[in-house]
Amino acid sequence: MRKDVINTKDLEQHHLDSLDAYIDTLDKSRKEESLIPTLYKAQNLFGYLPHNLQWYIAQKLNLPSAHVNGVVSFYSFFSEKPLGKYTVSVCMGTACFVKGADKVLDRILKKTQTEPNEMSEDGKFTVKDVRCIGACGLAPVVTVNEKVYGNISAQQMEEIISQYQEEDND
Amino acid sequence: MKLIDKMINLKINDMEITVEKGTTVLDAAKKVGIDIPTLCHLDLHELGAVNQSANCRVCVVENEDRGNLVPACAEKVTEGMKIQTDTKKAVMGRRTSLELLLSNHPKDCLTCVKNLDCELQTMANKMNISEIHFTGEMMDHPIDISSGAIMKDPNKCIMCRRCTTMCDDMQTVGVLSPLKRGFDVVVATAFHLDLGETSCTYCGQCVSVCPTAALAELPQTANVWRRINNKDRHTVVQVAPAVRVALGEMFGYEPGEISTGKIVSALKRLGFDAVFDTNFGADLTIVEEATELINRIENNKPLPMLTSCCPAWVQFIEQQFPELLDVPSSCKSPQSMVGALSKTYYAENKGIDPKKVRMVSVMPCVAKKAEAAREELNEQGQKDVDYVITTRELARMIKEAAIDFRSLPDEPFDDILGESTGAASIFGATGGVIEAATRTAYEMMTGKELKNVDFKQMRGMEGIRETSVEINGTTLRIGIAHELRNARKLLEDIRDGNSHFDAIEIMACPGGCIGGGGQPFHHGRTDVLDKRRQALYAMDTTKKRRKSHENAMVQKLYESYLGQPGSQKAHQLLHTTYSAKARI
Ligand code: SF4
Ligand code: SF4
Ligand code: SF4
Ligand code: FES
Ligand code: FES
């Protein structure tokens with residue numbers, strides 16, 4: 001386990017180079033503040049934040065890995081696992097929850113045959129349960145990448161997932 | 001600003017009081033003798049660590065005007081504020097907070113290492129909890145004993161964050177962090193690595209403040225009993241300097257009570273075949289270290305030389321400053337020196353098969369457990385030290401054996417590893433090692449007698465201290481640091497070429513080993529550390545010999561076995577190497 005964490009050979013070098021260049025532009029005296037933007041940049045480059053990339057960032061910013069990992073695991077925006085082409089975020093905030101968000105989530109997981117935060121086998125979906133996204137009037141709310149689906153039922157959501165599944169099979 | 005502007009008037013339980021702006025309700029209440037219960041809160045500001053996470057809410061009191069409950073440990077006083085600490089609402093609020101913590105806490109107190117020394121348990125007792133009205137979902141995390149030094153049981157964690165405060169602020173190591181959020185949150189290592197795979201130094205400062213048994217030393221008492229009871233083994237034991245001024249606390253003595261003779265007596269009764277003194281090893285360390293220092297100065301070798309008897313600090317430099325591994329002294333720690341000699345010099349002297357000798361150490365320290373397992377201290381499968389128990393564990397063994405500690409007679413340590421000087425006594429306090437080394441280096445360099453052995457400028461509790469001593473026209477510039485945050489500063493200076501010291505002493509724990517992670521819990525009382533420290537210096541003055549090289553058993557060891565200090569044989573038995581480790 002430890003060996004995997006400190007071995008960065010499998011990280012693509014040209015992405016690491018871009019990340020280094022980005023980190024070089026940051027104010028070194030404010031490394032705590034630099035962490036979130038750096039993680040954001042890294043996730044954009046690599047698609048997700050594997051452990052060895054988090055360790056690499058910790059070394060670069062001279063921060064303990066536990067702090068980096070703490071931040072990554074706190075924000076649902078960051079992912080420690082590869083993300084599917086579509087990130088399906090089901091709001092589990094109070095408003096959405098009372099309107100049956102858990103049933104919507106169950107149905108989506110069944111349809112995509114995944115576990116929360118795991119990428120589906122075909123690489124198409126990652127389903128996440130997230131905190132209130134601030135659209136309570138539309139509860140229950142689901143987003144698929146940038147697109148927002150409000151007032152959605154489990155049945156409707158299943159159909160929407162089907163469309164995404166088929167659309168890509170062309 | 002006038003003083004008057006900085007003062008705030010408020011009422012607590014209808015008593016008028018005036019305190020400085022910025023004071024918490026908790027501290028204000030203390031001023032008028034009102035004791036509000038706290039749990040997560042920990043104020044060690046003298047040691048550079050204050051835990052203000054304010055998330056247990058066991059300290060809530062009622063703000064009368066607003067009618068709401070506020071956490072006393074975090075709420076700052078405001079002008080005209082009215083606080084009631086014992087209304088029904090406040091008392092029920094505190095109970096509820098505590099019951100919520102208890103609802104998902106394992107209830108195996110009877111067999112827990114913290115039984116009767118646990119702050120959660122004490123609080124439940126204090127609040128007269130006889131029933132828990134909530135049923136919480138129990139956590140189910142694996143217990144981590146990978147480090148061989150610390151036992152981490154997240155199921156007993158109450159998320160007080162004291163450990164992260166110590167590790168981040170006092171030690172600047174940052175091994176632990178809350179991961180995830182909400183119900184899933186857990187104080188863990190990066191990527192849930194085993195503690196043994198991280199950059200943990202095993203200093204045990206997190207252990208010394210954890211209110212529960214979520215972080216505790218990995219107990220070794222059962223293994224020690226097994227060795228003692230195996231009559232085919234010759235099981236010997238050694239006791240570190242700082243243990244003798246702290247163990248008494250576990251038997252009702254005041255902090256700083258010196259109980260050396262009783263400890264030796266207790267160890268003999270427990271069944272050890274011989275009882276040695278780590279202080280003998282301390283004297284020996286000084287002779288070797290002073291020789292090394294003089295050699296480095298005279299031959300223009302790398303300076304400063306750093307002391308190497310604290311394993312947490314050694315671990316720290318190997319991980320955080322791998323480019324500086326030529327600065328620590330190559331001397332093994334006193335525990336390792338005594339261990340190595342017990343299996344060679346002592347065994348040969350006694351005509352015992354070295355393979356049958358088992359060495360147990362009683363240490364104020366959690367890191368010594370990990371040190372004993374270092375590959376470098378393990379020659380051909382023969383470890384210098386086989387088992388390490390802490391001061392607390394020894395107290396538990398004495399109680400287990402039903403020995404009445406308080407009525408024990410004083411007994412002396414055994415030959416031929418049992419004599420020590422005053423210089424060794426002060427090893428347990430910050431500044432003590434370098435003071436002892438200076439006494440010996442002075443006489444070695446000048447060939448003259450050092451009349452005044454007290455280097456008072458090296459003593460004290462300040463985090464970083466600097467001084468210099470004139471020896472034969474050369475100025476020896478000395479630095480002293482305790483707590484790893486202070487060590488880090490001195491190391492950064494060395495790395496950046498800004499260091500002007502010749503010798504530096506570093507101890508990982510606050511105050512040195514007297515504040516070690518294996519000592520009786522101070523429960524936030526820093527005066528305890530001070531009393532232990534003063535007791536060590538008092539011991540020094542009562543010794544007839546106060547310079548390590550005057551130790552007659554050490555002299556005999558050189559004459560009959562090692563030859564000169566720094567000889568090849570001394571190097572083989574008493575010196576070690578370091579290796580760079582990844583920082584996680
Ligand atoms: S033992 Fe020391 S270094 Fe390790 S987690 Fe605890 S405080 Fe941090
Ligand atoms: S491990 Fe102990 S000190 Fe750390 S947060 Fe949990 S209960 Fe508090
Ligand atoms: S200062 Fe002493 S007790 Fe603390 S880690 Fe170092 S050797 Fe152990
Ligand atoms: S609860 Fe779902 S958007 Fe607010
Ligand atoms: S002691 Fe005040 S919130 Fe824990």
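The helices (runs of 4 or more DSSP H) falling completely within region A:55-170 that include 1 or more residues that are within 16 Å of ligand 1 (Cβ to nearest atom) map to A:65-74. Go through region A:64-82 and give me each residue that's within 11 Å of chain B (Cβ to nearest Cβ) and either at pLDDT below 95 or closer than 28 Å to A:GLY93 by Cβ (or both). Residues satisfying the conditions are A:HIS67, A:VAL68, A:ASN69, A:GLY70, A:VAL71, A:VAL72, A:SER73, A:PHE74, A:TYR75, A:SER76, A:GLU80.
Considering B:ARG485, B:ARG495, B:ARG545, the condition of being away from ligand 2 (no atom under 16 Å from the Cβ) and under 25 Å from the mean Cα position of the chain (by Cα) is satisfied by B:ARG485 alone. Restricting B:ASP530, B:ASP540 to residues that are open to solvent by less than 30 Å² (accessible area, probe 1.4 Å), farther than 30 Å from B:THR189 by Cα, charged (D, E, K, R) and assigned to a helix (DSSP H, G or I) narrows the list to B:ASP540. Within this structure, B:ALA266 fails the test of being within 16 Å of ligand 1 (Cβ to nearest atom) and more than 20 Å from B:LEU574 (Cβ to Cβ).
The rows are residues; the columns are (1) under 19 Å from A:VAL5 (Cβ atoms); (2) within 16 Å of ligand 4 (Cβ to nearest atom).
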| position | (1), (2) |
| --- | --- |
| A:TRP55 | yes, no |
| A:GLU80 | yes, no |
| A:GLY93 | no, yes |
| A:PHE97 | no, yes |
| A:LEU105 | no, yes |
| A:LYS110 | no, no |
| A:SER120 | no, no |
| A:ARG131 | no, yes |
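Looking at region B:293-322, which of its residues are in a helix (DSSP H, G or I), open to solvent by less than 30 Å² (accessible area, probe 1.4 Å) and not aliphatic (A, V, I, L, M)? If the condition is that a residue be in a helix (DSSP H, G or I), open to solvent by less than 30 Å² (accessible area, probe 1.4 Å) and not aliphatic (A, V, I, L, M), then B:ARG296, B:PRO311, B:TRP313, B:GLN315, B:PHE316, B:GLU318, B:GLN319, B:GLN320 are the ones that fit.
Applying the criterion of at least 3 residues that are within 30 Å of B:GLY460 (Cβ to Cβ), within 16 Å of ligand 1 (Cβ to nearest atom) and away from every other protein chain (no Cβ under 14 Å) to the strands (runs of 3 or more DSSP E) found wholly in region B:2-78 leaves B:49-51. Residues of region B:310-343 that are modelled with pLDDT under 95 and farther than 17 Å from B:ALA580 by Cβ: none at all. Being touching a helix residue (DSSP H, G or I) at 6+ places or on another chain (Cβ under 9 Å) and within 16 Å of ligand 2 (Cβ to nearest atom) is a property that B:ASN51 has.
In region A:93-116, the residue that is farthest from ligand 5 (Cβ to nearest atom) out of those that are within 14 Å of another protein chain (Cβ to nearest Cβ) and surrounded by fewer than 18 Cβ atoms within 10 Å (Cβ to Cβ) is A:PRO116. The set of residues from region A:117-142 being surrounded by 17 or more Cβ atoms within 10 Å (Cβ to Cβ) and either without any contact (Cβ under 8 Å) to a residue 12 or more places away in the chain or within 16 Å of ligand 2 (Cβ to nearest atom) (or both) is empty. Looking at the structure I just gave you, is B:HIS500 open to solvent by 10 Å² or more (accessible area, probe 1.4 Å), away from ligand 4 (no atom under 16 Å from the Cβ), at positive phi and not in a helix (DSSP H, G or I)? No; evaluated as a whole, the condition is false for this residue. Going by what's in this entry, would A:LYS124 be described as within 16 Å of ligand 4 (Cβ to nearest atom) and among the charged types (D, E, K, R)? Against the criterion (within 16 Å of ligand 4 (Cβ to nearest atom) and among the charged types (D, E, K, R)), A:LYS124 does not qualify. Tallying residues that are more than 14 Å from every other protein chain (Cβ to nearest Cβ), β-branched (Val, Ile, Thr) and open to solvent by 10 Å² or more (accessible area, probe 1.4 Å) within region B:141-197 yields 3. Residues that are closer than 19 Å to B:HIS500 by Cβ, touching a residue at least 24 places away in the same chain (Cβ under 8 Å) and out of contact with any helix residue (DSSP H, G or I) (no Cβ under 6 Å at 6 or more places or on another chain) within region B:435-468 comprise B:THR438, B:ARG465, B:GLU466, listed in sequence order. The criterion of at least 3 residues that are touching a residue at least 40 places away in the same chain (Cβ under 8 Å) and within 13 Å of ligand 3 (Cβ to nearest atom) is met by the following helices (runs of 4 or more DSSP H) wholly inside region B:326-406: B:334-341, B:367-372. The requirement of being on the phi > 0 side of the Ramachandran plot, more than 16 Å from ligand 2 (Cβ to nearest atom) and open to solvent by 10 Å² or more (accessible area, probe 1.4 Å) is fulfilled somewhere in region B:341-352, by at least one residue. Taking the conditions (1) open to solvent by 40 Å² or more (accessible area, probe 1.4 Å); (2) among the small types (Gly, Ala, Ser); (3) more than 14 Å from every other protein chain (Cβ to nearest Cβ); (4) within 20 Å of the chain's Cα centre (by Cα) in turn, A:SER18 satisfies each one other than (4). Exactly one residue out of B:LYS31, B:LYS21, B:LYS11 is more than 16 Å from ligand 3 (Cβ to nearest atom) and farther than 27 Å from B:ASP169 by Cβ: that is B:LYS11.
The values are calculated or read from the model by the stated rules, or taken from the named source; none is laboratory data. Bear in mind the structure is a predicted one, so any value in this text is a computation, not a measurement. Every residue, glycine among them, receives a Cβ derived from its backbone with ideal geometry; neighbour counts consider all protein chains shown. When the accessible area is computed, the model is the full protein with side chains, heavy atoms only, and any ligands, DNA or RNA have been set aside. Shrake-Rupley method; radii C 1.70, N 1.55, O 1.52, S 1.80 Å.
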